[in-house]
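The values are calculated or read from the model by the stated rules, or taken from the named source; none is laboratory data. Predicted model only: the values in this text are computed from it and were never measured. Cβ placement follows ideal geometry from the backbone for every residue including glycine, while neighbour counts extend to all protein chains displayed. Surface areas here come from the heavy atoms of the whole protein model, side chains and all, with no ligands, DNA or RNA. Shrake-Rupley method; radii C 1.70, N 1.55, O 1.52, S 1.80 Å.
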Amino acid sequence: MFLYVGILAAAAFVQCLTGFGFGIFAAALLPLIMPFKNAVAILAILSVAVNFQLGIRVVRRVQWKVLFPVVLCSFVAQTVGAKLLFSADEEVLSTVLGLVLIGLAVFFAFLKERISIQASVRNGILAGLCGGILNTFNVGGPPIVIYYLKACGDKEEYLATVQATFFITSVYNCFLHILWGNVTAEILWYAAVGLLVVIPVIFLGFRVFQKISRSQLNVLVYGMIAAMGVIQIVAK
């Protein structure tokens, strides 16, 4: 339980600083102390609370035109990805996911100044599809974050749009877990304990976020993608 609480606290703080990373950080470590499917179900529930608590603070800055294509396509991809969660080999998926995250981090960290990702329906669709597949495992942040960093005007718009997107997709993710019978009394108990951990951490972490510049935020985002990719590989 001590490790469980520590992992969730660290993951919640990461989410406050970068706007994503709660699911990625926790999903890389929680399977070391509990079954993978249990960990994913718990994170699906906790992600709803985490994203709501962060998003409600900046909801007025949400860029809805940017959000809608991403969310709709994420729903489609999550529905397809739910079948993979209960059939594919866990170790293979973790290794592939880790390599993808590292590749994304390296690519955008070195070439981001040469790339202009505009807020368009096409780009929103691509970000939603990629993020939706990954969000099956509660790690759908990177494609959506990379898109929103360019599509949103400032860090408040970025954080608001990211959290609104993740809140909506997390609710749908919970629905899929319930539909597949992957939510039990034990999972609900762990989720309740997790809420007692992440809520105060988010309150403190949001204060730190307000002091971070846009350039510092970019470094944190790309660095976090790379770090979580490494964790995904070595944790198994």
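State whether region 1-73 is rounded, prolate or oblate according to the following rule on the C-alpha gyration tensor (a ≥ b ≥ c being the square roots of its eigenvalues): a/c under 1.5 gives rounded; otherwise a/b larger than b/c gives prolate, and the remaining case gives oblate.
Since a/c reaches 1.5 and a/b is larger than b/c, the shape of region 1-73 is classed as prolate.
Given a 1.4 Å probe and the protein chains all in place, what does the accessible area of LEU196 round to, in Å² to the nearest 10?
Rounded to the nearest 10, the figure is 140 Å².
Using a Förster distance of 22 angstrom, determine the FRET efficiency expected from the C-beta separation of ILE125 and PHE175, and round it to 0.05.
0.50
Could you check the spin-label model distance between THR79 and GLN118? Points 7 Å from the Cα along Cα→Cβ, value in nm.
3.0 nm
Please list the equivalent ellipsoid semi-axes of region 152-191, computed as the square roots of five times the alpha-carbon gyration tensor eigenvalues, in descending order and whole angstrom.
Equivalent ellipsoid semi-axes, largest first: 30, 11, 4 Å.
Amide H of VAL139: which non-local residues (sequence gap of 5 or more, or other chain) have their own amide H closer than 5 Å, using H built in the peptide plane?
none
If the cut-off is 17 Å between C-alpha atoms, which aspartates and glutamates fall inside it for LYS83, apart from same-chain ones fewer than 8 positions away?
GLU91
Which order do you get for PHE166, PHE2 if you rank them by accessible area with a 1.4 Å probe, largest at the top?
PHE2, PHE166
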